[in-house]
1. Are any residues in the range 146-167 surrounded by fewer than 19 Cβ atoms within 10 Å (Cβ to Cβ) and among the charged types (D, E, K, R), and if so, which ones?
2. Please give the number of the condition ARG101 fails out of (1) out of contact with any Pro (no Cβ under 8 Å at 6 or more places or on another chain); (2) modelled with pLDDT of 95 or more; (3) buried (at least 20 other Cβ atoms within 10 Å of the Cβ); (4) on the phi < 0 side of the Ramachandran plot.
3. Has the range 141-164 got any residue that is part of a helix (DSSP H, G or I), within 24 Å of ARG75 (Cβ to Cβ) and acidic (Asp, Glu)?
4. Inside the range 168-185, can you point out the residues that are in a loop (DSSP other than H, G, I, E, B) and surrounded by fewer than 22 Cβ atoms within 10 Å (Cβ to Cβ)?
5. Any residue in the range 186-203 that is β-branched (Val, Ile, Thr) and surrounded by 18 or more Cβ atoms within 10 Å (Cβ to Cβ)?
6. How many residues, within the range 30-62, are touching a Gly at 6+ places or on another chain (Cβ under 8 Å) and either closer than 25 Å to PRO132 by Cα or not assigned by TED's automatic domain parsing to the domain that holds LYS118 (or both)?
7. Taking into account only those residues within the range 122-145 that are within 17 Å of the chain's Cα centre (by Cα) and surrounded by fewer than 23 Cβ atoms within 10 Å (Cβ to Cβ), which is modelled with the lowest pLDDT?
8. Every residue in the range 134-171 that is closer than 19 Å to ARG200 by Cα and free of Cβ contacts under 8 Å to residues at least 40 places away in the same chain, please.
Amino acid sequence: MRIMAVACLSFLLPVAMSPAPAAEGPDANPTLARLAGVVRAVMADPRRRAAAIEAGRLRATFCFACHGEDGNSRRPHVPKLAGQNPVYLLDQIERFASGRRRTTYMQALASHFTEEDKINLVVYFASQPLRPAGGDPRLAEAGERIYRQRCIGCHGPDGRGSRGYARLAGQQPRYLEKTLRDFQTEGGRRDSPVMQAMVRDLGAGDIRALAAFLAGLR
């Protein structure tokens with residue numbers, strides 16, 4: 001499939017002139033930056049990675065009911081964690097634990113994870129093969145245009161994320177739609193000023209198209 005996109009609006013600069021904002025990346029939080037460094041070191045060492053995967057699998061028991069044992073959730077409103085950017089997963093666990101991202105069950109669960117738990121969990125899920133959810137191909141072309149204009153700077157040309165940003169490729173389309181709507185809600189469950197600015201003026205059709213495009217990527 002052709003690489004992604006999003007509807008071009010006059011107030012947006014071309015992607016080449018719009019570097020991804022660093023303020024919301026992992027380096028903006030010293031604790032997260034430190035843990036992210038550990039995660040990268042574990043991922044790069046075959047022995048440490050194998051040990052973390054096994055420990056993460058054992059610790060992730062409470063995650064399986066919603067996200068699936070291999071991180072490929074079958075519930076349309078629950079995100080796939082398989083193949084996700086491990087630094088992004090780490091950031092989300094930290095956000096749930098601190099209350100910056102609000103979901104009652106996840107907040108309670110994340111608040112009990114040790115740093116070792118967090119590292120093992122993100123390495124485990126990031127190491128599982130992703131099974132793309134698949135999206136409506138009739139909507140994908142419009143979604144690709146939107147993606148290229150607004151999203152590629154942070155989430156990359158293949159939708160797999162970079163520098164700690166989320167992998168969107170292959171994600172559940174209904175979950176993506178819900179998340180984009182959450183970012184449109186002031187004071188809602190998601191608190192990224194950059195994302196809020198990017199999606200503020202997207203209509204319901206734009207959101208469906210963008211989600212369909214991303215869900216079909218591998």
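The values are calculated or read from the model by the stated rules, or taken from the named source; none is laboratory data. These numbers were taken from a predicted model, which means no experiment stands behind them. Please note: Cβ atoms are built from the backbone with ideal geometry, for glycine as well, and neighbour counts cover all protein chains shown.
1. Answer for the range 146-167, where residues must be surrounded by fewer than 19 Cβ atoms within 10 Å (Cβ to Cβ) and among the charged types (D, E, K, R): ASP158, ARG163.
2. Among (1) out of contact with any Pro (no Cβ under 8 Å at 6 or more places or on another chain); (2) modelled with pLDDT of 95 or more; (3) buried (at least 20 other Cβ atoms within 10 Å of the Cβ); (4) on the phi < 0 side of the Ramachandran plot, the lone unmet condition for ARG101 is (2).
3. No, every residue in the range 141-164 fails to be part of a helix (DSSP H, G or I), within 24 Å of ARG75 (Cβ to Cβ) and acidic (Asp, Glu).
4. In the first step, residues of the range 168-185 are kept if they are in a loop (DSSP other than H, G, I, E, B); the result is 168-172, 185.
Within the range 168-185, just THR185 meets the criteria.
5. The answer is yes; a qualifying residue exists.
6. Qualifying residue count, the range 30-62: 0.
7. Result: GLY134.
8. Across the range 134-171, the qualifying residue is only HIS155.
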